[in-house]
1. Go through the stretch 98-128 and give me each residue that's open to solvent by 10 Å² or more (accessible area, probe 1.4 Å) and aliphatic (A, V, I, L, M).
2. Restricting to the stretch 108-143, name every residue that is among the acidic types (Asp, Glu) and under 30 Å from Glu227 (Cβ atoms).
3. Just to be sure I understand, how many residues within the stretch 220-233 are more than 16 Å from Ala270 (Cβ to Cβ) and in contact (Cβ under 8 Å) with a residue 40 or more places away in the chain?
4. Anything in the stretch 9-49 that is under 22 Å from Val293 (Cβ atoms), without any contact (Cβ under 8 Å) to a residue 12 or more places away in the chain and not hydroxyl-bearing (Ser, Thr, Tyr)? List them, or say none.
5. Just the residues that are among the small types (Gly, Ala, Ser) and over 25 Å from Leu114 (Cβ atoms), please, taken from the stretch 138-167.
6. Could you tell me whether Val505 is at pLDDT 85 or above, hydrophobic (A, V, I, L, M, F, W, C) and in a strand (DSSP E or B)?
7. Which one of these is modelled with pLDDT of 95 or more and either open to solvent by 70 Å² or more (accessible area, probe 1.4 Å) or assigned to a helix (DSSP H, G or I) (or both): Leu90, Leu80?
8. Could you list, ordered by first residue, the pairs with Cβ atoms under 8 Å in which the first is in the stretch 57-73 and over 21 Å from Arg112 (Cβ atoms) and the second is in a loop (DSSP other than H, G, I, E, B), at least 6 apart or interchain?
Amino acid sequence: MRRVFFLLLLSFAVLLGAMRGTDSFDLRLLDLQFSVLRDWQPRPVTVDVAVVGIDEDTVRALPEPMALWHPHLARFLTALVAARPAAVGLDIVLPERSYDAVVAGHDGILLRGLLEARRAYPVVLAQTVDPTGTPRAIHRPFLAAAGDGAAGYALLATDSDGVVRRFDERLGTGGEPVATLAGQLARRLGAEPGSGLIDYGRGRVFDYVPLQQVLAWADAGDQAALERAFRGRPVLLGVVLPYEDRQRLPVQLASWEEAGTGVPGVLLHAQVLRSLLNDGGLIRQVPVAVVTVMSAAAALLWFLGSGVLAPAAAGGTLVAGLLLLSTLLLLQGIHLPVLAPMSAGLLALGGRAGLEAALKLRERRRLRGVFSGYVSPGVMQQIIDGRLRAELGGERRFVCVLFSDIRGYTTRSEGMSPEEIVGFLNRYFEAMVGLIHDRGGTVTSFMGDGIMAVFGAPNALENPCAAAFAAGRDMLDRVAQFNAEAVAGAQPLDIGVGLHAGHAVVGHVGSSTRHDYTAIGDVTNVASRLEGATKEAGYRLVCSAEVAALLDDRSPLVPLGPVSIKGHSPVEAHGFDRV
């Protein structure tokens, strides 16, 4: 059974890794790791991106509709000529037609700005698509002024949960590559974009320079301010308004906004550029085959064994180790999905522990079913729990020993067949043994019609003497009930009960191949002799003074004084239930 379960687990682990069954959870874990790394150890940025934002103050300062901002955009582009940036990307959608009919000369102003900028630094214009997925054109003269390869789609792939985590230019129908805004800027700066996860752990949150501030510096001729902000850096111009062009990202990239409000799209493109332009590039994903092998290897934890502490420690080590390994690799630009091997390992540990527990429970039930008729419940439970030592010998315990016998049994059995004798004894023992067990006693042996029981071992009792005396009274009451229910003319049943308390060695006695659980010591001999003295004493139950001394209520007892017993000095005894 263990082999079958392991093979099923191994198959599941391989499928989990090969089919990328934990991808969505791995991505959420990746989001958490990026957040932690940004707070504690962000990856360094050698080439950072400057962001120029169109915010609410800019909109108030430039009152025309954005479609008519040709002069302002031209001023922005020419202002940066003096700042000498590495490249400039316009993450705003330029008109698809001429607006000269609305404001004469506007197209020419923007065209001159584009041409002047193009001679000083690379310019890339953003393209987009309409709601149907059809590309929106840009007025052709603007594209021509920017130059060949100066346009890229402001598009990025989103995961199933709507979060942007990866960069890949295979965005066309059927997976054809499509030039993107960030990709074109990277190419203009000498970096060929590949595909991979965007490194959200690189760099700190972005600030931005408002567009109207850039225009103010230009109007004032403050070249020093322009150079401090933009010299040698890629620059992205885009909208940072609260409700326009928002993207869901794993981390908050805007220093001026609260987490959970979405992120302006221009910052997403800026973070992609950070990933493409700095050492290491995009985050590379570990091949699926490696994750599959790791999942299969984690399933081998099945062989760690059963128990609780070892699997728990191994599970904690597995989780902590995989998380640490994944985080360290992420710092090196590698994403290792760990939830598949982690799940396989935890399932192996938990599954093995659960299976062993189930098998142990089944074995306990089997043992209880097979042996419950041979030993008392207390001994049976000790065996099942593994607390009863199997070797010969025992331990010294204070116990109360009970002996009972049927009076006149020999005479009664003379007129009965062997089958009738067995049936009679079984009915008698069925009733008596149950009463002894109910009081916490352990029946150690049957001797013909006699019973020997021990109270206080193997299960400890608060007061073994009180429990044994109560069991003896229960047995006498049950005999009286037998007689009351007997048919007319039937011979009455009578028993004698002897009780004595003291220290005895309790445990296994016999040979290594056949032994019994019993109590050995003078206490056993005295209890047996007291049971034999019940008839001469004229009481159905006789107990020693040691037992009487530990009873809460001794009023039903009758002092008998020293009772002579065979092979032993007289014993101070008390009687109960006079014949």
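1. The answer is Ala101, Val102, Val103, Ala104, Ile109, Leu111, Leu115, Ala120.
2. Here is the first cut: in the stretch 108-143, the ones among the acidic types (Asp, Glu) are 116, 130.
Once the filter is applied, which keeps residues that are among the acidic types (Asp, Glu) and under 30 Å from Glu227 (Cβ atoms), the stretch 108-143 yields only Glu116.
3. Kept after step one, since they are more than 16 Å from Ala270 (Cβ to Cβ), are these residues of the stretch 220-233: 220-228, 231.
Going one step further and asking which of them are in contact (Cβ under 8 Å) with a residue 40 or more places away in the chain, we end up with 223, 226-227, 231.
Going through the stretch 220-233 one residue at a time, the tally reaches 4.
4. Leu15, Met19 - these are the residues of the stretch 9-49 that are under 22 Å from Val293 (Cβ atoms), without any contact (Cβ under 8 Å) to a residue 12 or more places away in the chain and not hydroxyl-bearing (Ser, Thr, Tyr).
5. To start, the set of residues in the stretch 138-167 that are among the small types (Gly, Ala, Ser) comprises 144-147, 149-152, 154, 157, 160, 162.
Once the filter is applied, which keeps residues that are among the small types (Gly, Ala, Ser) and over 25 Å from Leu114 (Cβ atoms), the stretch 138-167 yields Ala157, Ser160, Gly162.
6. Working: at pLDDT 85 or above: yes; hydrophobic (A, V, I, L, M, F, W, C): yes; in a strand (DSSP E or B): yes.
It is true that Val505 is at pLDDT 85 or above, hydrophobic (A, V, I, L, M, F, W, C) and in a strand (DSSP E or B).
7. Details: Leu90 fails: either open to solvent by 70 Å² or more (accessible area, probe 1.4 Å) or assigned to a helix (DSSP H, G or I) (or both).
After ruling out the rest, the residue left standing is Leu80.
8. From residues that are over 21 Å from Arg112 (Cβ atoms), the pairs are Val59/Leu241.
The values are calculated or read from the model by the stated rules, or taken from the named source; none is laboratory data. This is a predicted model, so every value here is computed, not measured. Every residue, glycine among them, receives a Cβ derived from its backbone with ideal geometry; neighbour counts consider all protein chains shown. For accessibility, only protein heavy atoms count, side chains too; no ligands or nucleic acids. Shrake-Rupley method; radii C 1.70, N 1.55, O 1.52, S 1.80 Å.
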